[in-house]
1. Project the alpha carbons of the range 193-234 onto their principal axes and report the range along each, largest first, in whole Å.
2. Roughly to the nearest percent, how much of the accessible area of the chain is carbon and sulfur, given a 1.4 Å probe?
3. From Cα pairs below 8 angstrom and at least 6 apart in sequence, can you work out the relative contact order of the chain, rounded to a whole percent?
4. Could you sort out which of 180/203; 172/203; 160/180; 9/172; 38/172 sit more than 22 Å apart by Cα distance in this structure?
5. I need the calculated FRET efficiency for the pair residue 129 and residue 23, taking r as the beta carbon distance and R₀ as 22 Å, to the nearest 0.05.
6. Given the DSSP H assignment, sum -39500 (n - 2.57) over each helix run of at least 4 residues in the chain and divide by its residue total; what's the result at 222 nm in deg cm²/dmol, nearest 500?
7. Roughly how many Å² is the accessible area per residue of the range 60-103, as a whole number, for a 1.4 Å probe?
8. Averaging over all projection directions, find the projected area of the Cα convex hull of the range 90-234 and quote it in nm² with one decimal place.
Amino acid sequence: MTAQLASDKRELLSRHFLLRDLDNRTLDRIVQYSVVKKVEEGAVIFRQGDRGDCLYGILRGQARIFNIGAENREILLNILLPGSLFGEIALIDDRARTAHASAMEDCELLLMHRHHFMPLLEEDPRLAIHMLGLLCATIRWTSSMIEDTTFLNLRARLAKRLLALAHSHGTKLPGDAGVKINLRLSQRQLGAMIDASREAVNKQVQIWRAQGILDVENGLLVLRKPDWLEAIIG
């Protein structure tokens, strides 16, 4: 393992909010036992139903987590950036993957196999607590999506998801110019995130553009009036 690669692995792990306060010994062992895999844009990382034998972390690139619903319709669950860990559910319970994952662009992924990771969980209670936190965050996210689909109309679901994307992937613009979402998302992908058609999303986006609530700059969404979107959610 090169010194640079080891440094990249350690940076990923120490940057992750659930792992950054682990002691150096545990981090060093995770770095030692993990490998790095390059995945091309569009490639499948794993499929729902696959054996969950490793934990993934993104060193470089972006990945998406999704499921396939009725009529082969994609439901986009999450978009992951460098520093994100995923695949923890099947890793811990040693059962099948609960969703699909694929690369949105060329990626470098950190992989740690279950037979290396589980002994660390047994030896370091703090790591086990951190993984419980990661699982809880996943459960909360999934529950929130189910509640939104059940109780919110399309306009409110789209507003809530745009605000969430602005919070996790946004840059505040100078003055009162709004927040830019630093993800290139098609309207089909936005629809997949809120269980709506591309046509329905396009119609609502055009209405909000005409009202000055949001805009599109160089293919990126800019929320001009985030407070209006918050009011829509209620």
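The values are calculated or read from the model by the stated rules, or taken from the named source; none is laboratory data. A quick note: this is a predicted structure, and the numbers were derived from the prediction, not measured. All Cβ positions, even for glycine, are placed from backbone atoms using ideal geometry, and neighbour counts span all protein chains on display. Note: areas computed on protein heavy atoms with side chains; ligands, DNA, RNA excluded. Shrake-Rupley method; radii C 1.70, N 1.55, O 1.52, S 1.80 Å.
1. Its Cα atoms span 29, 25, 17 Å along the three principal axes.
2. Of the solvent-accessible surface of the chain, carbon and sulfur hold 51 percent.
3. Once normalised by length, the contact order is 18 percent.
4. 172/203; 9/172; 38/172
5. The value I calculate is 0.95.
6. Dividing the helical sum by the residues of the chain leaves -15000 deg cm²/dmol.
7. Ligands and nucleic acids excluded, the figure is 43 Å² per residue.
8. 11.4
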